[in-house]
Ligand SMILES: Cc1cc2nc3c(=O)[nH]c(=O)nc-3n(C[C@H](O)[C@H](O)[C@H](O)COP(=O)(O)OP(=O)(O)OC[C@H]3O[C@@H](n4cnc5c(N)ncnc54)[C@H](O)[C@@H]3O)c2cc1C
């Protein structure tokens, strides 16, 4: 049985950042990384954006092997024994540890009963599958109007595919953006040749010859050669729960990344629910910046740094030639105020609590203002249009 000072389960961005965090404190301790994808850690955001716009696949790799890590790829960790301090993989091999990190991320939500062949988009393998099949004029149905669905629909349309978007909300990104902006996006996508079908829940997906027939509950019947879905993820917490550790919308951790007060088991990234001090609540965040910064900090803490994670993560998205950065909590149900330099093209949106304090900011085609927006959230003072104008200046 190989024994590691540090064992990481998961082969994503968080795992890579944790290796780098460990190495920033401990240059020597052995690190093992168990990942069930065949590929070493890579950036996922380019899979729905940059790789469709000419970026080379070689740009996504994180170089984790340069950290002196045993990469145990193509194998799934299936059991955790907290007393023996071992993890067993699906080949039956056991791996001992002194410190363990669960960086298992999430599994894409699927449509019950759908025919095989629907791509629940998350991995570089999914990218290669869709890329191979997506030719000029190929009919594609994209299910979901959130981040992944909106980015992929734009990228596929920009590559000449005949894209139909289906989602149950009224508008693209309706859970995140103020309603006027979300409705603008419906029209913007239509103007770029995407057949946008809001208010449509998928009822069934069947095979039809070499292709698919997608039926909606409101009667839509769509034929496609490719069906790709972005329906969010379910945290992969089964290793933790199987060992008797708690999980509820992710694995709860303290501000050091420790699980249930233990000092030998940690969780980070998409799978972890952590105390977001600036917002006064626990959050589970599914974004690149959080994966990198939480992974790095928790890696440092595994190696003994004992420092709190107090970073407020930011994120970004691109859709055709629209793009933004954002920080904090973006929830269209909050009190929303906006200040536009050019309507729906360039502006700042603030998401406020009942006392008018900022919980989050959307910086729409406004760049380099994430730090200033973060300071406004941290100040916990009521914000008005003057603050938004300040960010726009
Ligand atoms: C297409 C796409 C585009 C995105 N775009 C953006 C963006 O524009 N901006 C942004 O901020 N964020 C974006 N994200 C989100 C961001 O990529 C994620 O938040 C981040 O990658 C999460 O990293 P993670 O390592 O925590 O989890 P994951 O990426 O889910 O990695 C976990 C890894 O562990 C493996 N694993 C899980 N359980 C086991 C096990 N038991 N044994 C072995 N291996 C296991 C999984 O297979 C996976 O490889 C995007 C995500 C996707 C999919």
- Message: Checking residue 275 against (1) part of a loop (DSSP other than H, G, I, E, B); (2) without any contact (Cβ under 8 Å) to a residue 24 or more places away in the chain, only one condition comes out false. Which one?
- Response: (1)
- Message: Can you report the number of residues in segment 71-85 which are within 14 Å of the ligand (Cβ to nearest atom) and in contact with a strand residue (DSSP E or B) (Cβ under 7 Å, 6 or more places away or on another chain)?
- Response: 9
- When you go through 68, 10 one by one, which is the residue that is more than 8 Å from the ligand (Cβ to nearest atom) and at positive phi? 68
- Message: Name the residue that is surrounded by the fewest Cβ atoms within 10 Å (Cβ to Cβ), counting only residues in segment 61-98 that are touching a helix residue (DSSP H, G or I) at 6+ places or on another chain (Cβ under 9 Å) and within 23 Å of residue 44 (Cα to Cα).
- Response: 63
- Query: Could you count how many residues in segment 258-273 are more than 12 Å from the ligand (Cβ to nearest atom) and either at pLDDT 95 or above or farther than 16 Å from residue 241 by Cα (or both)?
  - Reply: 7
- Item | Selection within segment 73-87 - farther than 13 Å from residue 32 by Cα and in a strand (DSSP E or B) | 78, 79, 80, 81
- Selection over segment 13-38 where residues are in contact with a strand residue (DSSP E or B) (Cβ under 9 Å, 6 or more places away or on another chain) and either part of a helix (DSSP H, G or I) or near the ligand (Cβ under 8 Å from one of its atoms) (or both) yields a count of 12
- Message: Taking the condition of being within 12 Å of the ligand (Cβ to nearest atom) and modelled with pLDDT under 95, how many residues in segment 288-313 meet it?
- Response: 1
- Query: So which residues in segment 21-37 are surrounded by fewer than 20 Cβ atoms within 10 Å (Cβ to Cβ) and within 20 Å of the chain's Cα centre (by Cα), if there are any at all?
  - Reply: 36, 37
- For residue 42, state whether it is closer than 26 Å to residue 246 by Cα and either crowded, with 17+ Cβ neighbours inside 10 Å or over 25 Å from the mean Cα position of the chain (by Cα) (or both). no
- Message: Just to be sure I understand, how many residues within segment 99-131 are within 16 Å of the ligand (Cβ to nearest atom), surrounded by 17 or more Cβ atoms within 10 Å (Cβ to Cβ) and in a strand (DSSP E or B)?
- Response: 7
- Only one of these conditions is not met by residue 251: (1) within 24 Å of the chain's Cα centre (by Cα); (2) surrounded by fewer than 17 Cβ atoms within 10 Å (Cβ to Cβ). Which number is it? (2)
- Single residue of 143, 148, 172 found to be out of contact with any strand residue (DSSP E or B) (no Cβ under 8 Å at 6 or more places or on another chain) and within 16 Å of the ligand (Cβ to nearest atom): 148
- Message: Where the second residue is outside any helix (DSSP H, G or I) and within 6 Å of the ligand (Cβ to nearest atom) and the first is in contact (Cβ under 8 Å) with a residue 40 or more places away in the chain and closer than 17 Å to residue 47 by Cβ and lies in segment 282-297, which pairs have Cβ atoms under 8 Å and are six or more apart or on separate chains?
- Response: 286/106; 288/44; 288/315; 291/12
- within 30 Å of residue 137 (Cα to Cα) and within 11 Å of the ligand (Cβ to nearest atom): does that describe residue 233? yes
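The values are calculated or read from the model by the stated rules, or taken from the named source; none is laboratory data. Treat the numbers as computed from the prediction; the structure is a model and nothing was measured. Cβ: placed from backbone, ideal geometry, glycine included. Neighbour counts: every protein chain shown.
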